[in-house]
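Read-outs throughout are calculated quantities, based only on the coordinates presented, and are distinct from any laboratory measurement. Remember, it's a predicted structure, so these values are computed and weren't measured experimentally. No Cβ is skipped: glycine too gets one built from the backbone with ideal geometry, and neighbour counts run over all protein chains shown.
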Amino acid sequence: MKRLLLSICFFVAITAFAQEKLTITHGPYLQHLTDNSVNIIWTTSSDAVSWVELAPNDSTHFYLKERPKYYSAEYGFKDVSRLHIIRLTNLTPATTYRYRVYSQEVLSHEGTKVQYGTVAATNVYSAKPLKFTTTDQLKESKTSFVMVNDIHGRNDLLENLLNKADYKSAGFIFFNGDMVSDMRSEEQLFEGFMDTAVRLFAKEKPMYYARGNHETRGNFASTFPQYFASPSGKMYYLLRRGPVCFVVLDCGEDKPDSDIEYSGIVAFDQYRDAERSWLQEALKSPEFKDAPFRVCVIHMPPFGGWHGEEEIATKFVPLLNEAKIDVMLCGHLHKYLNQKPANGLNFPVIVNSNNTVLKAEATSEQLTMKILNEKGEQVDLIQLKK
Ligand SMILES: [Fe+2]
């Protein structure tokens, strides 16, 4: 009996120890990659201080010497959190770097004493260090990307569509909204699509988000933007990649703000007014005006007759017409549509379906977009020339 009790105690102690060990729960993944900077984001099983070690992409082993450390810190204090967002700055354009992420658990902070727990890190010994390459946004002579939307948590489909589009050969990925059906928790965000994105590409290849109407639903929806940093700090922004300037817009909700579905917690008409003011200025910038191709990425199309779609048609489309965008890329309808310029739209609107993928390549002379289905068959081919 005594031996049995001892065994149980030992088992409980081992279990407790195992539960306490700090782990990286999701990520790392890249966000807001520029010519000189990038955000590295990951989460841990409990509160920790975190840092990134950075090394050049040369032939030396990562363990050759102590590598420079980058911390997330504000007001001179290292952040203690489960969500780690570390911005690496002062990087060289068009340069590949190797990186390693670290977290050390913070057990307590009383007075001036901080007690630390275990450390978790990505591997640089049995696995190769992770890599990323900074951009050279105005000088890149060509660019390529893959766009998916309306995945609604279907990880198998996400992986299949990305593979059919040969995502490994693309420069970056767009998630054009409704990647999940609502936003209730961090776990849902990662289990819904981001863990798959991290496993396939997001550790080393950048992705950009155009928020869908479904990402605005649920009690985690207001926290969600923290996980996806953008160049403007908002969910709408300009992204210049070589010959293309992307105008990434946030569509907001599809029904009127007063609809029963939103429980009185949304103010998207007001939000789209502010977005319009931002857009008016953004379209005057050299990075937009000097770009050979101008592509608007927005989840909801400016037609269909619902309130949100009408808002896009009246608040954004006149500005986009005037700015002479070349094409608008949408989702939302769960069917494929190639809408030629008509009915107040001076540009074509490509609506990617919930089971197709868009693969695009651009030079300063030509923008080619292929739409592929789940079997990899070509649904459409669009070629825009200058
Ligand atoms: Fe949608």
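To two decimal places, what compactness ratio does the chain give when its Cα radius of gyration is scaled by 2.2 N^0.38 Å?
1.08
Over all alpha-carbon pairs of the stretch 22-133, lay out the pair-distance distribution in 5 Å bins, whole %, shortest bin first.
With 5 Å bins starting at 0, P(r) equals 2, 12, 21, 23, 19, 13, 6, 3, 1, 0.
Would you mind telling me which residue in L329, L64, L88 has the biggest mean-square fluctuation in a Gaussian network model of the chain, where springs connect alpha carbons within a distance under 10 angstrom?
L64
Just name one of I40, Y237, L367: the one whose Cα is farthest towards the positive end of the charge dipole of the chain (beta-carbon charges, Lys/Arg +1, Asp/Glu -1).
The listed residue farthest towards the positive side: I40.
Quick check for me: using +1 on Lys/Arg Cβ and -1 on Asp/Glu Cβ, what's the dipole size of the stretch 22-133 about its Cα centre, in debye to the nearest 20?
Here the size comes out at about 280 debye.
Can you give the helix-only mean residue ellipticity at 222 nm for the chain, where every DSSP H stretch with n ≥ 4 adds -39500 (n - 2.57) and the sum goes over all residues, rounded to the nearest 500 deg cm²/dmol?
-4500 deg cm²/dmol
In a GNM of the chain with a 10 Å cut-off on Cα contacts, which of T23, T133, T356 has the highest mean-square fluctuation?
Top of the fluctuation ranking is T23.
Quick check on my link table: of K205/K234; K335/K359; K139/K315; K128/K168; K205/K359; K168/K203, which ones sit more than 23 Å apart, alpha carbon to alpha carbon?
Those over the limit are K139/K315.
What is the packing order of peptides 274-287, 361-374, 43-56, taking the mean over residues of other C-beta atoms within 10 Å and listing the highest first?
The peptides rank, most packed first, as 43-56, 361-374, 274-287.
Using the Cα centre of the stretch 15-74 as the reference point, and only Cβ charges (+1 on K/R, -1 on D/E), how large is the resulting charge dipole? Debye, rounded to the nearest 20.
140 debye
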